[in-house]
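Colleague: Mind having a look at this structure? Questions to follow.
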Amino acid sequence: MSDLPAHFDAVVFPAAQLGGTVQAQPSKNYTTRFLLAAALAEGESVVRGVAHSEDAQALIRSLRAWGARIDLSGSDARVTGFGAWPQPSTRLDVGNAGAVARFLLAVAALTSGTEVVTDSPHSLGQRPMGDLLDALEALGLSVHSAAGGRLPVVVAGGPVPGGAVTISAERSSQFLSGLLFAAPLLSHGLDITVTGQIKSEPPIRQTLDTLRRFGIQAEASADLRRIRVPGGQAYRPGHYPVPGDYPGSAALLVAGAVRPGSVTVTGLDPDDLQGERAAVDVLRQMGADIRQDASGVTVRGGRPLQAVTLDGDTFTDAVQVLSAAAAASQGCTTWENVATLRLKECDRISDTRTELLRLGLEAQETADSLTVCGGPVCGQVTADGHGDHRMIMLLSLLALQADGPVTITGAHHIRKSYPDFFGHLQALGVRVEVQAH
């Protein structure tokens, strides 16, 4: 779908069957990491196949404010980096991009002063930053934040030399990733001790993989509790293709699993480090006919699905869409160890349960789990997208199974990570109507 209005609701209709092939959109996580690493390099890099999402736009806007030159041509970005010297006394508006905010707050350790602000005070403005801010203060920076360690935040007093630092990864792995990006450009590097139960290990490994690709040396223990990054290093400019996006593609694979027909998503590396790659195995465990090779993933729908009980921490960004597969399954599926879902664009446990109940499904929650029971989905319903791109994907997939169309409010928020989502659904045979407002 092209030329979508700035603000719209989406009406998604039930689908008797689906069919077609879609190229996976570029990875949101790797786009963010590659663009930041390219800006931290001195010289010119080309990041090929960047994601055209609101998160990517927020990062590009901020990196330009710090002094990077970024020229976009089609899906490629030509980046002339600022190296270890971002422009000081800069105000960065990160929109509603949580990872971008946390990465840039940590990299602000290289500057004499940076303010990070959000235009979403009721979403990103409510998400915690305190653990990262504590680590930055321990490194010798001056930090001023809104109540509760939230945005807006001013970081001043850098660049700091680095050294030993402790960071909690209990609430988000993004705090640690931010420190890792700054570490090689600090004169003493960082010797990081990670405390708390580490949430979402795969994104940390994606960050370490990005550092390696850009020529940075780092030593990490197998459990990621100790990571040492020597100082005085330089990011290496070059050409870096962005892998396909597993979290967004998981939505299309679930669509293929819950409806008869055959859906193929190309451009997904079977050896990728994205945790949401597990969605392929989860769907297989649920009984889907799904196959993957070097060219992509094909799912043939129409087979009965069975409920599962799994630890969802390693694939948190796919839990929402996999809940649509749970709704099509026999029995009750439970996603365990997913407390961090409460700290996203919305409360992805309680708010998801609310919408599942609205659509006639049975669902339960605990502090750190979500249970979804299979059953018929009620159509002719208006569901709340909660300003959350993952919720919008879930509701769209439930609509495919419903007994009538489902209207999703605030569907324009899909642009945060997957602006082509509704167009890709249409390419597979889904009827979608847009209502501007």
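The values are calculated or read from the model by the stated rules, or taken from the named source; none is laboratory data. As the structure is a computational prediction, the values presented were derived from the model and not from experiment. Methodologically, a virtual Cβ is constructed for each residue, glycine included, from the backbone with ideal geometry; neighbour enumeration extends over all protein chains shown.
Colleague: Take ARG291 and decide whether it is modelled with pLDDT of 95 or more, part of a helix (DSSP H, G or I) and among the basic types (Lys, Arg).
Modeller: Details: modelled with pLDDT of 95 or more: yes; part of a helix (DSSP H, G or I): no; among the basic types (Lys, Arg): yes.
Here the answer is no, as ARG291 does not meet what is asked.
Colleague: Condition (residue is of a type in the set (Gly, Ala, Ser) and surrounded by fewer than 22 Cβ atoms within 10 Å (Cβ to Cβ)) applied to segment 29-43: is it met by at least one residue?
Modeller: yes
Colleague: Looking at segment 324-344, which of the residues that are at pLDDT 95 or above and of a type in the set (D, E, K, R) is nearest to the chain's Cα centre (by Cα)?
Modeller: ARG342
Colleague: Would you check if VAL381 is surrounded by fewer than 22 Cβ atoms within 10 Å (Cβ to Cβ), in contact (Cβ under 8 Å) with a residue 12 or more places away in the chain and touching a Phe, Trp or Tyr at 6+ places or on another chain (Cβ under 6 Å)?
Modeller: no
Colleague: With respect to ASP281, determine if the residue is of a type in the set (D, E, K, R) and either modelled with pLDDT under 95 or closer than 22 Å to SER417 by Cα (or both).
Modeller: Answer is no for this residue.
Colleague: Report, ordered by the first and then the second residue, all pairs with beta carbons closer than 8 Å, sequence separation of six or more or different chains, a first member in segment 58-82 that is within 20 Å of ARG236 (Cα to Cα), and a second member that is aromatic (Phe, Trp, Tyr) and in a loop (DSSP other than H, G, I, E, B).
Modeller: So the pair list comes out as GLY67/TRP85; PHE82/TRP66.
Colleague: Considering only segment 392-407, I want to know if a residue exists there that is surrounded by 20 or more Cβ atoms within 10 Å (Cβ to Cβ) and either among the charged types (D, E, K, R) or in a loop (DSSP other than H, G, I, E, B) (or both).
Modeller: no
Colleague: Give me a count of the residues in segment 257-275 that are touching an Asp or Glu at 6+ places or on another chain (Cβ under 6 Å) and either closer than 16 Å to LEU400 by Cα or assigned to a helix (DSSP H, G or I) (or both).
Modeller: Of the residues in segment 257-275, 0 are touching an Asp or Glu at 6+ places or on another chain (Cβ under 6 Å) and either closer than 16 Å to LEU400 by Cα or assigned to a helix (DSSP H, G or I) (or both).
Colleague: (1) under 18 Å from the mean Cα position of the chain (by Cα); (2) crowded, with 23+ Cβ neighbours inside 10 Å; (3) not basic (Lys, Arg): which one isn't true of ASP420, the others all being true?
Modeller: Exception for ASP420: condition (2).
Colleague: Moving on. May I ask you to verify whether ASP384 is of a type outside the set (Lys, Arg), farther than 20 Å from SER249 by Cα and within 19 Å of the chain's Cα centre (by Cα)?
Modeller: No; evaluated as a whole, the condition is false for this residue.
Colleague: Can you tell me which residue in segment 239-256 is farthest from VAL319 (Cα to Cα), limited to those that are outside any helix (DSSP H, G or I) and of a type outside the set (Val, Ile, Thr)?
Modeller: Result: HIS239.
Colleague: Another question, if that's okay. For PRO159, which of the numbered conditions (1) more than 19 Å from GLU170 (Cα to Cα); (2) at pLDDT 95 or above fails to hold?
Modeller: For PRO159, the exception is condition (2).
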